[in-house]
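The structure under discussion appears below in the form of structure tokens.
The values are calculated or read from the model by the stated rules, or taken from the named source; none is laboratory data. Since the model is a prediction, treat every value here as computed from it, not as a measurement. Note: ideal-geometry Cβ built from the backbone for every residue, glycine included; neighbour counts use all protein chains shown.
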Amino acid sequence: MAKPPKFQAIRGTRDLLPPETALWNRVEETARQVFATFGFGEIRPPILEPTELFARAVGSDTDIVSKEMYTFEDRDENSTSLRPEATASVCRAYIEHGMQQLPLPVKLYYVGPMFRRERPQKGRYRQFYQIGAEVLGGSDAPAIDAEVIEMVMTFFDRVQLPGVQLDINSIGHTADNCRRGYVAMLKGALEKVKDKLGADSQRRVETNPLRVLDSKLEYEQPIIETLPRIADHLCDECKAHYAAVKRQLEMRGVLYRENWRLVRGLDYYMRTTFEITAHGLGSQNAVCGGGRYDGLVDLLGGPPTKGIGFAIGEDRLILSLQESGKVADEAGRDVYIAWMGERAHATAIRAAKDLRNAGFSVELPPVEQKFGKALERASKLNSRYALILGDNEIAEGSWALKTLADGSQQKFTEPELLDFLKRSRD
Ligand code: HAM
């Protein structure tokens, strides 16, 4: 018979395994706790959405929509895509459920996988995870922008993300006296230096001049530095909004750096945009991106609505925490039960049940092992204690507990044991 083929995870996707998944869970748990203290509730939108939703919301000319989406024709010939991001889904859900009737603003967060067919590298995957939040409603008060940023910074502080740097910018709004005017001016300036730019930037001069500012190419940097800056060309309202956001951040003690080149790669943004970087990530160092998107809900057929939000790249967040070396190894067991003999097995099963009910992690070997072998396995599994149950212990009603770190051993009655373990946990 031919050998069955070996399967591997699809390029750009991966299995998340223990003990690392414990860290993922802890990070997500912290996000849920912090976001709840800011009054956010969880939304779980589907992973499949109509392709047109992203084309409209994110923009059909963006890299995400034009090159990176996993799109297929559903059987009834509707074009369907795996979501590349979730802001569009949240806006769709806001409209679909008439959430404008709820007390505003509506504050939602989500945790889950996103899909983009990018070239995989460190910190960049085709299936990756985001922890995101959105605020939707009738107000664009600068305090909302600042509070959303304060929330994500609080979260990063809580998980002890190393080297956090917040960059902010305002990209104004679409009007001749604001962004549109600036982009026209930028395009003019870029056309004059076009032959000194690389192929990607040359293309962008035509399709989306703002994105040229994103370039990381060394030889383009001095040219980009000479280009006109958007802050000097915002309309009065956008300028005032930006100034107020900065004031509000200062009132909250949030440290930021202004970065006029921060333009973001999704079409729905206006006014406030921000990005957060962290240590240990190499070139893919953005752990969070976000901004304001007033009018996106309207664009998707909903009522006039203001919006702002962010998404954290969870894979990168975890990577940065791991590189910081501060992550505790969470693998291991509290108690390994080394039992020998029929009677001891029955007692061991009962003891395991009681200990687990009390919240201890317990390894109960399914078949009898020699004590030497059991202790070896207990230490391989990184157990804190080995509970030794043999015929003698059962007969005497006195159980032996070995502390694996120093080899010391103590005797306990059954109730004493539970007591001791509980005290040693606190
Ligand atoms: P984004 O900047 O496209 O924004 O993605 C946010 C974050 O997701 C990035 O900063 C990065 O950490 C992570 N990320 C993106 N692509 C990948 C990838 N291929 N592999 C690993 N991580 C990745 C958005 O998605 C917006 N929806 C954010 C938002 C919410 N704006 C307003 N509300």
Of Arg384, Arg356, the only residue that is under 35 Å from the mean Cα position of the chain (by Cα), without any contact (Cβ under 8 Å) to a residue 40 or more places away in the chain and surrounded by 14 or more Cβ atoms within 10 Å (Cβ to Cβ) is Arg356
Among helices (runs of 4 or more DSSP H) completely within segment 1-82, the ones holding 3 or more residues that are without any contact (Cβ under 8 Å) to a residue 24 or more places away in the chain are 20-37
Taking segment 239-259 and the residues there that are in contact with a strand residue (DSSP E or B) (Cβ under 6 Å, 6 or more places away or on another chain) and of a type outside the set (D, E, K, R), the one that is nearest to Val183 (Cα to Cα) would be Asn259
Flagged in segment 292-321 as closer than 19 Å to Thr174 by Cβ and either assigned to a helix (DSSP H, G or I) or among the hydroxyl-bearing types (Ser, Thr, Tyr) (or both), in numbering order, are Tyr293, Leu296, Val297, Asp298, Leu299, Thr305
Arg377 vs (1) more than 26 Å from Leu23 (Cβ to Cβ); (2) touching a residue at least 40 places away in the same chain (Cβ under 8 Å): all pass except (1)
message = Quick check on Pro50: is it closer than 21 Å to Asp315 by Cα and either at pLDDT 95 or above or within 17 Å of the chain's Cα centre (by Cα) (or both)?
response = no
Within segment 30-54, residues farther than 23 Å from Val297 by Cα, surrounded by 14 or more Cβ atoms within 10 Å (Cβ to Cβ) and among the polar types (S, T, N, Q) come out as Thr30
Quick check on Tyr94: is it aromatic (Phe, Trp, Tyr), surrounded by fewer than 20 Cβ atoms within 10 Å (Cβ to Cβ) and touching a residue at least 12 places away in the same chain (Cβ under 8 Å)? no
Considering only segment 331-350, I want to know if a residue exists there that is within 27 Å of the chain's Cα centre (by Cα) and under 28 Å from Thr174 (Cβ atoms). no
Residues of segment 83-99 being out of contact with any helix residue (DSSP H, G or I) (no Cβ under 7 Å at 6 or more places or on another chain), part of a loop (DSSP other than H, G, I, E, B) and either away from the ligand (no atom under 14 Å from the Cβ) or not hydrophobic (A, V, I, L, M, F, W, C) (or both), in sequence order, are His97, Gly98
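Rundown of residues vs (1) within 24 Å of Ile144 (Cβ to Cβ); (2) touching a Ser or Thr at 6+ places or on another chain (Cβ under 9 Å); (3) modelled with pLDDT of 95 or more; (4) within 13 Å of the ligand (Cβ to nearest atom), yes/no style:
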| site | (1), (2), (3), (4) |
| --- | --- |
| Arg229 | no, no, yes, no |
| Glu237 | yes, no, yes, no |
| Gln248 | yes, no, yes, no |
| Met270 | yes, yes, yes, yes |
- Query: Do we find that Val297 is more than 8 Å from the ligand (Cβ to nearest atom) and at pLDDT below 95 in this structure?
  - Reply: no
Going through segment 258-268 in order, the residues found to be surrounded by fewer than 16 Cβ atoms within 10 Å (Cβ to Cβ) and either aliphatic (A, V, I, L, M) or away from the ligand (no atom under 16 Å from the Cβ) (or both) are Glu258
Here, helices (runs of 4 or more DSSP H) confined to segment 114-223 with at least 2 residues that are within 14 Å of the ligand (Cβ to nearest atom) and crowded, with 16+ Cβ neighbours inside 10 Å are 142-158
Assess whether Leu104 counts as being more than 9 Å from the ligand (Cβ to nearest atom), at negative phi, surrounded by fewer than 17 Cβ atoms within 10 Å (Cβ to Cβ) and not charged (D, E, K, R).
yes
Cβ pairs under 9 Å, 6+ apart or interchain, first in segment 261-272 and farther than 23 Å from Glu225 by Cα, second modelled with pLDDT under 95 and charged (D, E, K, R), ordered by first then second residue, are Asp267/Asp61
